[in-house]
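**Q** First the structure, then my questions, so here it is.
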Amino acid sequence: MTPSTFWLITTGEPLPTDQGNPRLLRTGILAETLVAKGAEVVWWTSSFNHANKFKRHVSLHDLSRGERFQIRLLNGISYPKNVSILRQIANKQVAAAFKREAKYAPRPDLIVCALPTLELCRQATRYGEQVGAPVLIDIRDLWPDIFLDVAPDWARRPVRALLNPMYSSARKSLASAYGLIAVSQSYLDWGIAQTQRGLSSRDAVFPLGYRASHPPQSALDRAQSALLAKGINPECRIFCFIGSFGHSYDLETVINAARQLRHDGNKNLQFVFAGEGEYGDRWRAMAEGLDNTKFVGWLDAPGVMSLMQQSVAGLLAYRTTAKQSLPNKLFEYMSAGLPVLSSLAGESTEVIRRSGCGLYYDSGDTQALINSVLRLANDEKLRAEMSARCLTVFRRDYSAEKIYGQMAEFFDEIIQESSARSTGN
């Protein structure tokens, strides 16, 4: 790889400097991959921890992760909910901070800015135009479409009108970008449609992928003891959900299924929900009194791996309105050889059905979920076959090492092409 300087602009992800050995996601893994290949990386992000909702208590400038990896924190206010006016204010503040600070930093060879946020994408493309640096927008969520999902049916038309400035900003940013990358083909198609141009060699799909965790046995033993203390019973057939408790997810159907299964006398099943979020209190209240449902909070990497090792399937429990296509948790489950029970239609279902890695049920259909749960719980041969296929497909197509290595090669080609265009060669 040609020695280059990259700016990665992403909010909402855990940082390698955060406490508690956080599991790195797309930008964190990408940054480490680029550094390992000899590049210099500056990661611009928010001072607010989006997942756990707290301010990072550090200076608002460089956090060093080595000679070639810097993290730049941009100040914005805290917000308690993901969909809120305060979050929009925070997004504007973070983008304004980037605009102020970027002009004093050395020009990068390539900028990769995640969507969301719209505000940072707009500032990134403007900066790229000013200094002649190519900008790739990495489409991870369909903003602002996502805000229509939380609006009641009667309010969708006025909400759509209120979102017109955001749609305009999205179109301008996407059209101004040197190229687009996305976590799925449907997301890339959406982005290309906003630009009113055709697909080019500067556009590509790179799924989220997953970096399989291999904690030492001592850490796994401690994690298992901690889960036991929280009521997890390894003698049960465990179905786990790992993720945030946000508006896209449908744990109501899972809890209703758990209640019916318990009522019908199925005592060897347990549903475990690992995570936190704005819907947590509601779902805990729904599950009150059910001894076959457990909420265990956020887990670190050993905790996640221990839970998956004890489970018979992982839940992709989404609402019908969810915009996700190929979410991270699909590959997380597959990396552990965990069959998937999914209510997420679209590309995830295509992957699951094509690979034979799990079962699909319609979102909101409690009986369909119950049927799938009982089928996997009672058929050990089916579980073993699906587990083997999960591991094979994950290692072949969705491992972080493969995907982010391919991204690094693509970025190198973009830099070389951009340089040739700017010099007229």
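The values are calculated or read from the model by the stated rules, or taken from the named source; none is laboratory data. Please read these numbers as outputs of a predicted model, since none were measured by experiment. Cβ atoms come from the backbone with ideal geometry, glycine included; neighbour counts cover every protein chain shown.
**Q** State yes or no: is Ser84 among the small types (Gly, Ala, Ser) and crowded, with 17+ Cβ neighbours inside 10 Å?
**A** The answer is no for Ser84.
**Q** Pick from Arg87, Arg72: which is at pLDDT 90 or above, outside any loop (DSSP other than H, G, I, E, B) and under 19 Å from Cys121 (Cα atoms)?
**A** From the options Arg87, Arg72, the qualifying one is Arg72.
**Q** Now for a separate question. Could you check Ala388 against (1) over 18 Å from Ser311 (Cβ atoms); (2) in a helix (DSSP H, G or I) and say which number it fails?
**A** (1)
**Q** Please determine, by comparing only the residues of region 1-20 that are polar (S, T, N, Q) and in contact with a helix residue (DSSP H, G or I) (Cβ under 6 Å, 6 or more places away or on another chain), which one is surrounded by the most Cβ atoms within 10 Å (Cβ to Cβ).
**A** That would be Thr10.
**Q** Let me ask you something else. Select, from Arg23, Arg56, Arg68, Arg100, the only residue that is in contact with a Leu (Cβ under 8 Å, 6 or more places away or on another chain) and either on the phi > 0 side of the Ramachandran plot or of a type in the set (Lys, Arg) (or both).
**A** Only one candidate passes the filter, namely Arg56.
**Q** I'd like the full set of residues that are assigned to a helix (DSSP H, G or I), within 30 Å of Leu290 (Cα to Cα) and not charged (D, E, K, R), limited to region 211-239.
**A** Those that are assigned to a helix (DSSP H, G or I), within 30 Å of Leu290 (Cα to Cα) and not charged (D, E, K, R): Ala219, Leu220, Ala223, Gln224, Ser225, Ala226, Leu227, Leu228, Ala229.
**Q** Which of the residues spanning region 24-39 are farther than 11 Å from Gly12 by Cα and touching a Phe, Trp or Tyr at 6+ places or on another chain (Cβ under 7 Å)?
**A** Within region 24-39, Ile29, Leu30, Ala31, Thr33, Leu34, Val35, Ala39 qualify.
**Q** Just for region 275-325: of the residues that are part of a strand (DSSP E or B), touching a residue at least 60 places away in the same chain (Cβ under 8 Å) and of a type outside the set (Gly, Ala, Ser), which one is surrounded by the most Cβ atoms within 10 Å (Cβ to Cβ)?
**A** Once the filter is applied, the top-ranked residue is Leu315.
**Q** Please go through region 108-117 and pick out each residue that is surrounded by fewer than 22 Cβ atoms within 10 Å (Cβ to Cβ) and at pLDDT below 95. Show your work before the answer.
**A** Quick first cut of region 108-117, residues surrounded by fewer than 22 Cβ atoms within 10 Å (Cβ to Cβ) only: 109, 116.
If the condition is that a residue be surrounded by fewer than 22 Cβ atoms within 10 Å (Cβ to Cβ) and at pLDDT below 95, then Pro116 is the only one that fits.
**Q** Quick check on Leu261: is it in the same structural domain as Ile242 (by TED's automatic domain parsing), under 18 Å from Arg375 (Cα atoms), touching a Cys at 6+ places or on another chain (Cβ under 8 Å) and buried (at least 17 other Cβ atoms within 10 Å of the Cβ)?
**A** So Leu261 fails the test.
**Q** Determine, yes or no, whether Val35 is surrounded by 17 or more Cβ atoms within 10 Å (Cβ to Cβ), touching a residue at least 40 places away in the same chain (Cβ under 8 Å), outside the structural domain of Ser248 (by TED's automatic domain parsing) and not in a loop (DSSP other than H, G, I, E, B). Before the answer, list the steps.
**A** Working: surrounded by 17 or more Cβ atoms within 10 Å (Cβ to Cβ): yes; touching a residue at least 40 places away in the same chain (Cβ under 8 Å): no; outside the structural domain of Ser248 (by TED's automatic domain parsing): yes; not in a loop (DSSP other than H, G, I, E, B): yes.
No.
**Q** Which residue pairs have Cβ atoms closer than 7 Å, lie 6 or more positions apart in sequence or on different chains, and pair a first residue in region 194-205 that is closer than 14 Å to Ser173 by Cβ with a second residue that is at pLDDT 90 or above and surrounded by 17 or more Cβ atoms within 10 Å (Cβ to Cβ)?
**A** As it stands, the answer is Gln194/Leu174; Thr195/Leu174, since those pairs meet every condition given.
**Q** Okay, moving on. Out of Leu341, Leu359, Leu374, Leu369, I need the residue that is touching a residue at least 60 places away in the same chain (Cβ under 8 Å) and either at positive phi or outside any helix (DSSP H, G or I) (or both). Which one?
**A** From the options Leu341, Leu359, Leu374, Leu369, the qualifying one is Leu341.
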